[in-house]
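Enquirer: Just passing along the structure, written as structure tokens.
Every read-out reported here was derived from the displayed coordinates using simple, explicitly stated rules and does not represent laboratory data. If you're wondering where the values come from, they're calculated on a predicted model, not measured in any experiment. Here the Cβ positions follow ideal geometry from the backbone for every residue, glycine too, while neighbour counts run over all protein chains shown.
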Amino acid sequence: MKLYHGWLSSASRRVRLCLAEKGLPYESIPIDMGRQEHHSPAYLAMNPNGVVPALRLDDGHSLYESSTICEYLDDLHPLPSLRPADAYERAVMRNFVRWTDEKSLPHLLVLNWSIALQPGASQWSDAQLQDKLSRIPTAERREAWLRIARQPYTAEEKAAALDKLLALLDKMEAMLEGGDWLVGAGYSLADIAAVPFVARIAELAPDALSTTRCARVAGWWARIQQRPAFAQARLERFDAALRQRDSAATTATATAAAQS
Ligand SMILES: N[C@@H](CCC(=O)N[C@@H](CS)C(=O)NCC(=O)O)C(=O)O
């Protein structure tokens, strides 16, 4: 299998966590979103929504949507199981995953894009921007790229986005009343869905994860980080990853200048 993904992308992180929990080998193909590699015709043939991740299967088929990919992997390799056996609990798990897709990801996008993509996108000329927008398949993402390139999110918008992102912790605190994991007795795709968001909250607002504010989530987060799959999935800190990306870009530019 080949996983086309972004190191910093929450949806990609979910799939890497799932693959690691299953112990499945795969080829990692990082996508450079700043260069819009995910809007190329070849990538759109795998994921017509023009977002990461996409999974290319050995038989040539492709899959997209992180939650769908994770369920597919769990169907194909049932052990260790990452879904509750009980049908009701599976349904609750799916609703939670969907909730994070709808209520957490859009707010995290505002925060992440502002630091990861806005500096580059704001440098594009109008002609470059129009060209890039014309390759984006959905109106929603065209709007997001236009915002980041020409009308950066304000401090108030970012504060509001963080506030809305933190609602996840309250939801999780209630769900963890019954046990160690979010749905049912075991670790599941519900936990995997939440990990990338909580990892980012731990970087952006560490106090929100204190034992006084949400003791159960704090305990859950400690358990998550002890799982071997957590290290294997490489959820690097955003600031460190961006520093590394920027210094690699500076070196590449300097090398190209020296060779010309
Ligand atoms: N519902 C999708 C969301 C995928 C998604 O939004 N991916 C983001 C990164 S987390 C992306 O590719 N953004 C780039 C863009 O919108 O151009 C999934 O779970 O796979």
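Enquirer: Relative to the longest principal axis of the C-alpha atoms of the chain, give the angle of the C-alpha long axis of helix 238-259, reported between 0 and 90° and rounded to the nearest 10°.
Expert: Result, in degrees: 30.
Enquirer: Most mobile of Glu157, Glu71, Glu21 per a Gaussian network model of the chain (Cα springs, under 10 Å)?
Expert: Taking springs between Cα atoms under 10 Å, the residue moving most is Glu157.
Enquirer: Apply the a/c threshold of 1.5 to the C-alpha gyration tensor of region 2-234 and tell me whether it is rounded, prolate or oblate.
Expert: Numbers: a/c = 2.16, a/b = 1.27, b/c = 1.70.
Cα axes put region 2-234 in the oblate bin.
Enquirer: Give, as a single signed number, the net charge of other residues whose beta carbon lies under 15 Å from the beta carbon of Cys70, with Lys and Arg counted +1 and Asp and Glu -1.
Expert: Working: positive: Arg13, Arg14, Arg16, Lys22, Arg83, Arg90, Arg94, Arg98; negative: Glu21, Glu65, Glu71, Asp74, Asp75, Asp101, Asp191.
Neighbourhood net charge equals +1.
Enquirer: Counting pairs on different chains as well as pairs 8 or more places apart, how many Lys pairs in the chain have Cα atoms under 16 Å apart? Numbers along the way, then the final one.
Expert: Working: Lys2/Lys22; Lys103/Lys158; Lys103/Lys164; Lys103/Lys171.
Lysine pairs meeting the criterion: 4.
Enquirer: Right, another one. What is the helix-to-structure angle for 10-22, meaning the angle in degrees between its Cα long axis and the longest Cα principal axis of the chain, kept from 0 to 90 and rounded to the nearest 10?
Expert: Around 50 degrees separate the two axes.
Enquirer: Against the longest alpha carbon principal axis of the chain, how many degrees, from 0 to 90 and to the nearest 10, is the axis of helix 139-150 turned?
Expert: The two axes meet at around 60 degrees.
Enquirer: Still on this structure, please answer the following. Mind pulling the per residue volume of the convex hull built on the Cα atoms of region 51-181? Å³ is fine. Before the final figure, lay out the partial values.
Expert: On the way: hull volume 19.2 nm³, N = 131.
Hull volume normalised by residue count: 146 Å³.
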